[in-house]
Every structure is written in C-alpha cells, then in structure tokens.
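Notes follow the structure.
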Amino acid sequence: LEIDYPAYYRLKYKTADLNIKELRKKLIGKKDALVEYMLGDSIVYAFVLTRKKLNVFQIPRPDDLERQIKLMRTGLIRDDRSLYTRYASQLHELLISPLKEAIHKKKHLQIIPDGILGYLPFEALLQKTAEYNSDYASMDYLLRDVTIGYSYSARLMLETLERNRSETSGYFAVAPVFEDADSPVAEPNEFLAAVRSLDSTSVLRGDGRIRPLPATRQETAAVAGIFGKKKKRNTLLVAANASESALQVHDLSTYRYLHFATHGFVNEKEPQLSGLLLGEPDSSLIDNVLYASEVYNMDLNADLVVLSACETGLGKVVAGEGVIVLTRGFLYAGAKNLAVSLWQVSDLSTAKLMTDFFQRVAKGKKLSDSLRKAKLRLLESENYASPYYWSPFILIGK
C-alpha cells in the first residue's frame, strides 16, 4: 500500500507528531492564529498557536452544547432573530471570548473544529449581544474583525501545502441548471432514493422532479467572463452538457479553479454516498451523481474547488476525525483549498456571492480575504444582509 498508493497510505497510517517550529514557519504569519478545538466530556480544550506562543485553554463544556449549535443554525435558517441572536452571542462567549488575549490583534484565524463544531459558521458569531429586532446589517459579527479559514487538521494543512504541484491555469465549471422540468431523473436512480430518505425538499419538488437552479447559469457565465477578460482559458459544462460522462472527458488536473454549481446532498449514515447531482446521464452505465466515494479517485491539482451547492461541507461526525464528507475526498484528490456550504442555500444570493468572490480571486487576491469581502458586500446589500445568505460558505484552506 505504501508503495503503490502513497497518498492513501499517508491518509490512513501516517500518525507521527508534528513539529511546532515547522508549523509556525510554514503556516502562521505574524497576524495569524491557529485555533484548534477538542471536545471532551466536560471540557472544551482550545489550543491557540501563534508565532510566539502556544496557549492551551480549558473551557467548561455546557451540557447542551450540541443543542445551542443546532438552535443557532435553526435561528439562521428560519430567520428567527431571537433564537439566532441569543445563541450566536452565547457561543461567542463560550468559544471565542476566553481566547481574546491570545488572539488579540490577529487578523486571520485558522480554525480546526471538532465534532459538532464543524457545523458552526464562526463568522456569524456575535461579539455583542444584539436586540432580537435589530437589523442584520448592524450586528457585530466576528466576520467584521477577522478573516477565518477552516481545516480538518494541522497535518493536513501542512501536507496540502507541501504537495508537489504541476502548473495549472484557467477555470472549469459544471452547472446542470435542471431547467427542463419535463426531463425525469433516470431510473433506477440511487440519488432519488438517497434524497427521499433524507427528506431534502431543497433538491426535489413535490412531484419528484429536480428543482431548477436558473441562477447557476448566470453565476458560472459571469465567472467565466471574469477570467475571459484576463485572457485565461475557461470551460463551461452547462445544462445537458453537464453530465458525468462529459466531466470524465476533461483533464481536470490542468485547471487552477474548479466550480460545481449544482445540488448537493449529504448522507450522514453513509458519508461516501453523499454527492453532487450532475446532468442527464447519456449511458445506462453512468448515473448522474458524483459521489464522495468517486471523488477520491479523481486526479486534481486545483488551487481552489468551489462546491456551490447545498450542504457540501456537512457529513457524518466521527470521533477523532471531525466531519467526514465530500470535502475530504476533494482534498485527497489534490485540491489545495475548497469553498463549501453548511446548509441549503439560495441560488440567487449564492450567484452574487460567488461572482464577487471570483472577481477578487481573478485579481490575485488571497482566497480567505476575497471570501470575507464578498460576504461583507452581501451583508451590506438590501436583500441579503441576513447571515443565512452569506455565512454558510466557508473556506477549507487559507
């Protein structure tokens, strides 16, 4: 295994200790802090590594921590301001306030969550308790003060950074759109069974047809236009052309940016059966789903993979492993950074966010800074100030 499949061997068996000096040198700038959480039965441990210090904090773990996180998410998703503001403030007080001295004046936080914390968008935590009837645009989000990136482990960050990479360029996008409501999903189809079992109404309509995503056509076209103006190559697989067989024809390892604008779904019981829905299959041997288990066999070399789909950052929580899902597969396949979502998202607000994000990326701006500024711009907009729209997308990477 070590000889024939070195990447798999490293993933499963390499457990040697990390060198703190090496981490500081390669991962942590003067204004950075690496924050890793570990959930114990009665204690939340927080390790804060900066250029000069390693601080360890022991925070009493509330019995209802999981409930607090779920209620904050519920408040966000259902636009219940009272619920959201209460628990967003409470969780900031629990997870961030004890670290204030260690992260003082830091502009970038690299967060490694543990367990249920992987479902939490730290950017949306409230630094000051807000009135339940306050305007979303006026609230004091953690997003306002720091840029946040996420990782699964410091080791994975280091290995991703050190991976030998060939030269890449250009933009590749997949957007099935699903505008043809008369086109049924191919049968028999594992996707339908998986989605129905998860009661994912964001993917299927009441009649069992796939919900269309019209804004994804404009989203990918706009981003392609951005790269086109800079005379960078771009490839779009849109509507009927966004099939799995069409995807297999292209050498994705040569592209710098990959963008999947489609429906995603999570199977928490069997994470390898989570996936991205692609266009109509043109062969009985190929379905229209890119499963997490298939992603591990892809050959990628991308600086950034954007999964502009619902719940692509979620999955099964495994003790000692965190959230296992699609993102692990893309990192293993060779992606350096990923932008993923933590809940079902609006395709209109997502199109605005992604277009703004890629405009900055195309100019050579840092990924985490670009995503933060795109979120702040959405926060300032008239229709999308709620963190429901801007906080689900997080950057796995730096």
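The values are calculated or read from the model by the stated rules, or taken from the named source; none is laboratory data. In this text, all values refer to a predicted model and were calculated from it rather than measured experimentally. Note that each Cβ is placed from the backbone with ideal geometry, even for glycine, and that neighbours are counted across all protein chains shown. Just so you know, the surface numbers come from the protein's heavy atoms only, side chains and all, with ligands and any DNA or RNA stripped out. Shrake-Rupley method; radii C 1.70, N 1.55, O 1.52, S 1.80 Å.
A few notes on this one:
- Criterion violated by SER82 - all others in (1) open to solvent by less than 30 Å² (accessible area, probe 1.4 Å); (2) in contact with a helix residue (DSSP H, G or I) (Cβ under 8 Å, 6 or more places away or on another chain); (3) small (Gly, Ala, Ser) satisfied: (1)
- The C-beta contact set for the stretch 45-73 (first residue exposed (fewer than 15 other Cβ atoms within 10 Å of the Cβ) and at pLDDT 95 or above, second residue part of a strand (DSSP E or B) and among the β-branched types (Val, Ile, Thr), distance under 6 angstrom, 6+ apart or interchain) comprises GLN58/ILE43.
- Considering ALA246, ALA240, the condition of being among the small types (Gly, Ala, Ser), at pLDDT 85 or above and surrounded by 15 or more Cβ atoms within 10 Å (Cβ to Cβ) is satisfied by ALA246 alone.
- Leading residue by the ranking (least open to solvent (accessible area, probe 1.4 Å)) among those in the stretch 354-369 that are more than 17 Å from the chain's Cα centre (by Cα) and not charged (D, E, K, R): ALA362
- Residue count, the stretch 83-105 (criterion: closer than 17 Å to GLY118 by Cβ and over 23 Å from the mean Cα position of the chain (by Cα)): 1
- Extreme residue, modelled with the lowest pLDDT, among residues of the stretch 249-267 that are closer than 22 Å to PHE357 by Cα and open to solvent by less than 10 Å² (accessible area, probe 1.4 Å): GLY264
- Any hit, the stretch 169-177, residues being at pLDDT 75 or above, at positive phi and either among the aromatic types (Phe, Trp, Tyr) or outside any helix (DSSP H, G or I) (or both): yes
- Of the criteria (1) at pLDDT 95 or above; (2) in a helix (DSSP H, G or I); (3) surrounded by fewer than 17 Cβ atoms within 10 Å (Cβ to Cβ), which one HIS92 fails: (3)
- If the condition is being open to solvent by 70 Å² or more (accessible area, probe 1.4 Å), of a type outside the set (S, T, N, Q) and part of a loop (DSSP other than H, G, I, E, B), then the stretch 117-162 contributes LYS128, GLU131, TYR132, ASP135, ASP145.
- Residue match in the stretch 200-209 (condition: more than 30 Å from HIS92 (Cα to Cα), outside any loop (DSSP other than H, G, I, E, B) and modelled with pLDDT under 85): yes
- Strands (runs of 3 or more DSSP E) completely within the stretch 268-345 that count 3 or more residues being under 24 Å from TYR389 (Cβ atoms) and at pLDDT 85 or above: 304-308, 338-341
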